[in-house]
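Report on the structure given below.
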Amino acid sequence: MTAIRASRGAVPAHETFNSVSATMVVGTAALLVLGVQPILLGGLIETGRLTEAGLGRVAMVEVFALAIGSVIGPFAMNAGGMRLKVIAAALLLAAVDVGLYAAHSSAAILGLRGAAGLLEGLLIGAAVVVITHTRRPDRMNGLFLGITTAPQIAAAYLLPALIIPRFGLNAGFALLAAGAVAAACAAPFLVDRVETHPEARVQGIVWSPALLLTLLGGLLQNAGIGAAWNYVERLGAQHGLAPAVIGAAIAGSLSLQFVGALLSAWLCWRLPARLMLTAGGLIQAGVVVAMLSRSDAGYITAVCLFGLCWLALQPFLIRELIRLDPSRRVAMVMTPVALTGLSLGPLVVSFAVRAGDVRGGFVGAAVLLAAAGAVYGLAPRLRAAPRTAGRDIA
């Protein structure tokens, strides 16, 4: 936390230890669902409340709503009164999560998870506006992703191995509600308004083919990630793997997400961002194909490697976007773009999924990830003159 170690007088209010710590708690509550979504939606199938095809659609609705909320969130939250807005959104989210106890139809589940996604997106917006306007947003992004993944690791293992077998599926939604209450408790330590980066106030967005392709690469990559991640539990069950094995694989994947995020926070300024993005997309495509292995060891290894690449690439993407657009406005909307990809991926591949057979979804996910790597590699080759919305950057 380099920014926090600066002298007290030089540190903006939103970069103090209390504010950053509260941001991590709020972000953790909002993102917790992404780590346990395959387990909870798979449990809804096991209890007859959802179908295999419905899983992809529910995942799409929630994450797409999360993306919409994260588009609105940075501007709505930073318009003033951020503390009260976060408290209200967090308590409403807790109520919606508890409402899943009584949801037994696809329509009710869709509606409640869509509402939850919108509220989660608003909470993410509060975190994004803080992180993007720190002095080292790439490094802070890596720290944020690593720290917010840690509770997902514990939840992904404990839910299928201990909590759900003993207390039932609804205990998983109670855990999400508890996270939302924790976010409400942390909100008083946030600032009511973030001091934005100076270039965001004077510079316009530099639109160029390279910038647009980088955004497209981020969308495709996250679509492939979402497609594979939301069916990873079902694939393990289809292979006949024990719930404890599946839970261990998902927990291992989340553990390596944590490691990958912290490593990239440390290394992101030392390595070429564009090369890492291109290679990362292609490697992820190969790992998704490897998930189709029917052995315990092969499945666990592939799922864990998938997690290592997932968050490790995000700081490189933020750094590349800031290089292409120093105003940081495009970097701030990368979270909604990523979430849109995460939501569209399961929907797209759901049409390749049949009852009892989800392998087609993983082929589709690999295609999306390979396309992302190709787009990242193509972007530097397009050197057309940029068009600037506002004042050009010299």
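The values are calculated or read from the model by the stated rules, or taken from the named source; none is laboratory data. Just so we're clear, the structure is a prediction, and the values are computed from it rather than from any experiment. Note: ideal-geometry Cβ built from the backbone for every residue, glycine included; neighbour counts use all protein chains shown.
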All conditions in (1) at pLDDT 85 or above; (2) touching a Pro at 6+ places or on another chain (Cβ under 6 Å) are true of Ala65 except (2)
In the stretch 43-81, anything within 14 Å of Arg234 (Cβ to Cβ), hydroxyl-bearing (Ser, Thr, Tyr) and either in a helix (DSSP H, G or I) or touching a His at 6+ places or on another chain (Cβ under 8 Å) (or both) is listed as none
Counted residues in the stretch 220-247 being surrounded by fewer than 21 Cβ atoms within 10 Å (Cβ to Cβ) and out of contact with any strand residue (DSSP E or B) (no Cβ under 8 Å at 6 or more places or on another chain) come to 8
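Looking only at the stretch 342-358, which residues are surrounded by 13 or more Cβ atoms within 10 Å (Cβ to Cβ) and assigned to a loop (DSSP other than H, G, I, E, B)?
Within the stretch 342-358, Ala352, Val353, Val358 qualify.
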Against the condition under 18 Å from the mean Cα position of the chain (by Cα), in a helix (DSSP H, G or I) and under 18 Å from Ala95 (Cβ atoms), how does Leu118 come out, does it pass? yes
When (1) touching a residue at least 60 places away in the same chain (Cβ under 8 Å); (2) over 26 Å from Val245 (Cβ atoms); (3) buried (at least 24 other Cβ atoms within 10 Å of the Cβ) are applied to Gly69, the one that fails is (1)
For the stretch 324-335, pairs from a residue that is under 23 Å from Arg381 (Cα atoms) to a residue that is of a type in the set (D, E, K, R) and in a loop (DSSP other than H, G, I, E, B), with Cβ under 8 Å and 6 or more apart or across chains, are Ala331/Asp325
Filtering the stretch 65-87 for residues that are of a type outside the set (Val, Ile, Thr) and in contact with a Gly (Cβ under 7 Å, 6 or more places away or on another chain) leaves a count of 9
